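Peer 1: Submitted below is the structure of interest, expressed as structure tokens.
The values are calculated or read from the model by the stated rules, or taken from the named source; none is laboratory data. Just so we're clear, the structure is a prediction, and the values are computed from it rather than from any experiment. Every residue, glycine among them, receives a Cβ derived from its backbone with ideal geometry; neighbour counts consider all protein chains shown. Please note that ligands, DNA and RNA were not included when accessible areas were found on the heavy atoms of the full protein model with its side chains. Shrake-Rupley method; radii C 1.70, N 1.55, O 1.52, S 1.80 Å.
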Amino acid sequence: MKVAVIGTGYVGLTTAISLAMHGHEVVGIDLVEAKIKMLRQGQSPIYEPGLEEALAAVLQQGVLTFTTDLLEAKESEVLFVCVGTPESADGTADLSYLLASVSEIGTLHRSVPRARTVVIKSTVPVGTGDRVAGLLGDCKSLFVVSNPEFLREGNALVDALKPSRIVIGANHDEAKAVMERLYDGIAAPRVLTTRANAELIKYASNAFLATRISFMNELARLSTVLGTDILTVAHGMGLDSRIGPDFLRAGVGYGGSCFPKDTIALLQLAQEQGVSLNLLDKVRQINRTQPLWFLQLVKNAIPELKGKQIALLGLAFKPDTDDIREAPALAIIEELQRCGASIRAYDPIASSAVQKIFPGVSYCGTPAEACQGAHAALLVTEWKECVQLPWDEIYANMAHPALFDGRNAWPVKEVREAGFHYTGVGRS
Ligand code: UGA
């Protein structure tokens, strides 16, 4: 099928590449010329494992092209809208990019009428699909579908090629049939429903996953006091098939471009409808305070942080991405600096982005270098480069051998045997 993907950010680019790999003829469209130039040369503007290799392959096969001109989508039967819906000042989703794209699609459709399905993949408040359908005149030749994405950064291509489910929100059978043809051959459960249901499935999924994390983080605070082990507790809970093992890892809190933004957007949406989502409100509150709770563990051990050197290992909001949006590392740096500590940080790829916000931090080339002379080392992101470390060398070079494991990822037995004082999140 001929497909156009509008917006070549992390969702759009992954969608375009995976659909091209799936045998469709895809054109990726973006306003930013520099981005299109890079993409045409096979360079990915974002770091995502496997994406650049896959991009090179589909470019070579000629099944994916890039342009800044929406007119090049005039032959496309399916048009994906994958533009950003960032958080506005009041927490609601900013739909200005989405509505601008829709208006351009309307112009294209009027000048070159043909059967088209417009697919909204951007995360949007419930009701947006219906609003877009109203704007475009959802009819016999043009349909609007909500098809939310469930990609995880760092795993996006795998998630796109082997999705956990495909949610198709469409109010016409013709549009459902087009989407079935598009995803034909992809083995994943289908949820065929209304646009509004599909939109809420997306927000509810992210809000629920965020809830699990905050639940475990709050439980970890109790576990610390009780002297119980949150990892064993999570394991014991996760074996219950009604609970499952995923997203039970306590740590320094969730970050990224999705959970923080989508939870506030859902809260705002509910508030507009006169409904209070009290649990979700607490979920966000726990997450906001989790980096500070973690730092309190450090302060308990080192009451006077002023003038002390602290090593931070990992800065990205999670491993395998260079994304630092809402990364817990940012709140940790801010508080450590407020306390007068000097920070030596290491991240395999996210350092330059953090440096723009915190130029006063010393950015190091290896974890061992960051730990040199430090009074404590904090694991903030569980990159494998930050987890498997030369412990004896690090022990010999730290001013004080204290490890604070914000992701419960360091090998406790090994580091204790090496002589370190180890503190995890909710560990005995
Ligand atoms: C999340 C969802 O997992 C995807 O399904 C969704 O498509 C995506 O948002 C989106 O809406 O676009 P992502 O933000 O890439 O994906 O990352 P996650 O793997 O979900 O991790 C989010 C945060 O939670 C990270 O900071 C991670 O470290 C943290 N986390 C995750 C925990 O603290 N504990 C856990 O057990 C799991």
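Peer 1: Across the range 244-258, what is the total count of residues that are open to solvent by 30 Å² or more (accessible area, probe 1.4 Å) and either among the β-branched types (Val, Ile, Thr) or modelled with pLDDT of 95 or more (or both)?
Peer 2: 4
Peer 1: I've got another one for you. Being of a type in the set (Ser, Thr, Tyr) and open to solvent by 60 Å² or more (accessible area, probe 1.4 Å) is the filter here, so list the residues in the range 145-172 that pass it.
Peer 2: Within the range 145-172, Ser164 is the sole residue that qualifies.
Peer 1: Within the range 143-154, which residues are within 13 Å of the ligand (Cβ to nearest atom) and either more than 23 Å from Gly129 (Cβ to Cβ) or of a type in the set (Ser, Thr, Tyr) (or both)?
Peer 2: Passing the criteria: Arg152, Glu153, Gly154.
Peer 1: Can you go through Leu59, Leu55 and tell me which one is open to solvent by 10 Å² or more (accessible area, probe 1.4 Å), without any contact (Cβ under 8 Å) to a residue 60 or more places away in the chain and either out of contact with any strand residue (DSSP E or B) (no Cβ under 6 Å at 6 or more places or on another chain) or outside any loop (DSSP other than H, G, I, E, B) (or both)?
Peer 2: On inspection, the qualifying residue turns out to be Leu59.
Peer 1: Would you tally the residues in the range 173-195 being open to solvent by less than 30 Å² (accessible area, probe 1.4 Å) and not in a strand (DSSP E or B)?
Peer 2: Residues in the range 173-195 being open to solvent by less than 30 Å² (accessible area, probe 1.4 Å) and not in a strand (DSSP E or B): 8 in total.
Peer 1: Related question: Would you tally the residues in the range 317-334 being open to solvent by 30 Å² or more (accessible area, probe 1.4 Å) and either more than 16 Å from the ligand (Cβ to nearest atom) or part of a helix (DSSP H, G or I) (or both)?
Peer 2: Count: 3.
Peer 1: Kindly check whether there is at least one residue in the range 223-234 that is modelled with pLDDT under 95, open to solvent by 20 Å² or more (accessible area, probe 1.4 Å) and more than 26 Å from the chain's Cα centre (by Cα).
Peer 2: no
Peer 1: Next question, about the same structure. Return the residues of the range 123-144 that are part of a loop (DSSP other than H, G, I, E, B) and either acidic (Asp, Glu) or open to solvent by 10 Å² or more (accessible area, probe 1.4 Å) (or both); say none if nothing qualifies.
Peer 2: Of everything in the range 123-144, those that are part of a loop (DSSP other than H, G, I, E, B) and either acidic (Asp, Glu) or open to solvent by 10 Å² or more (accessible area, probe 1.4 Å) (or both) turn out to be Thr123, Pro125, Val126, Gly127, Gly137, Asp138, Cys139, Lys140, Ser141.
Per-residue answers, yes or no, for (1) over 21 Å from the mean Cα position of the chain (by Cα); (2) surrounded by fewer than 16 Cβ atoms within 10 Å (Cβ to Cβ); (3) outside the structural domain of Leu266 (by TED's automatic domain parsing):
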{"residue": "Ile6", "(1), (2), (3)": "no, no, yes"}
{"residue": "Ala20", "(1), (2), (3)": "yes, no, yes"}
{"residue": "Lys35", "(1), (2), (3)": "no, no, yes"}
{"residue": "Phe66", "(1), (2), (3)": "yes, no, yes"}
{"residue": "Pro86", "(1), (2), (3)": "no, yes, yes"}
{"residue": "Leu98", "(1), (2), (3)": "no, no, yes"}
{"residue": "Leu108", "(1), (2), (3)": "yes, no, yes"}
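Peer 1: Moving on to the next point. If you check every pair at least six apart or on different chains, which have Cβ atoms under 7 Å apart with a residue in the range 154-166 that is closer than 16 Å to Leu55 by Cα first and a residue that is open to solvent by 20 Å² or more (accessible area, probe 1.4 Å) and more than 11 Å from the ligand (Cβ to nearest atom) second?
Peer 2: Pairs that qualify, where the first residue is closer than 16 Å to Leu55 by Cα and the partner is open to solvent by 20 Å² or more (accessible area, probe 1.4 Å) and more than 11 Å from the ligand (Cβ to nearest atom), are Gly154/Pro49; Leu157/Gly50; Leu161/Met21.
Peer 1: Scan the range 297-316 for residues that are surrounded by 19 or more Cβ atoms within 10 Å (Cβ to Cβ) and at positive phi and report the count.
Peer 2: 1
Peer 1: Something else: Would you check if there is a residue in the range 304-315 being in the same structural domain as Leu379 (by TED's automatic domain parsing), out of contact with any Pro (no Cβ under 6 Å at 6 or more places or on another chain), closer than 21 Å to Phe259 by Cβ and in contact (Cβ under 8 Å) with a residue 60 or more places away in the chain?
Peer 2: Yes; the residues of the range 304-315 include at least one that is in the same structural domain as Leu379 (by TED's automatic domain parsing), out of contact with any Pro (no Cβ under 6 Å at 6 or more places or on another chain), closer than 21 Å to Phe259 by Cβ and in contact (Cβ under 8 Å) with a residue 60 or more places away in the chain.
Peer 1: So, one more: Would you point out the residue of the range 336-348, among those that are open to solvent by 30 Å² or more (accessible area, probe 1.4 Å) and touching a helix residue (DSSP H, G or I) at 6+ places or on another chain (Cβ under 8 Å), that is nearest to the ligand (Cβ to nearest atom)?
Peer 2: Checking each candidate, the answer is Pro348.
Peer 1: Restricting attention to the range 278-291, report how many residues are open to solvent by less than 60 Å² (accessible area, probe 1.4 Å), out of contact with any Ser or Thr (no Cβ under 8 Å at 6 or more places or on another chain) and more than 13 Å from the ligand (Cβ to nearest atom).
Peer 2: 1
Peer 1: Then there's this: Being assigned to a helix (DSSP H, G or I) and within 15 Å of the ligand (Cβ to nearest atom): is that true of Lys202 here?
Peer 2: For Lys202, the condition - assigned to a helix (DSSP H, G or I) and within 15 Å of the ligand (Cβ to nearest atom) - is met.
Peer 1: Right, Leu157: within 15 Å of the ligand (Cβ to nearest atom), outside the structural domain of Pro319 (by TED's automatic domain parsing), under 21 Å from His24 (Cβ atoms) and in a helix (DSSP H, G or I) or not?
Peer 2: It is true that Leu157 is within 15 Å of the ligand (Cβ to nearest atom), outside the structural domain of Pro319 (by TED's automatic domain parsing), under 21 Å from His24 (Cβ atoms) and in a helix (DSSP H, G or I).
Peer 1: For a quick check of your reading of the model, give me the residue pairs whose first member lies in the range 259-279 and is outside any loop (DSSP other than H, G, I, E, B), whose second is of a type in the set (Val, Ile, Thr) and surrounded by 11 or more Cβ atoms within 10 Å (Cβ to Cβ), with beta-carbon atoms closer than 7 Å and at least 6 apart or on different chains.
Peer 2: Once the first residue is outside any loop (DSSP other than H, G, I, E, B) and sits in the range 259-279, its partners that are of a type in the set (Val, Ile, Thr) and surrounded by 11 or more Cβ atoms within 10 Å (Cβ to Cβ) give Asp262/Thr123; Thr263/Val283; Ala265/Thr92; Gln268/Thr92; Leu269/Val126; Leu279/Thr211.
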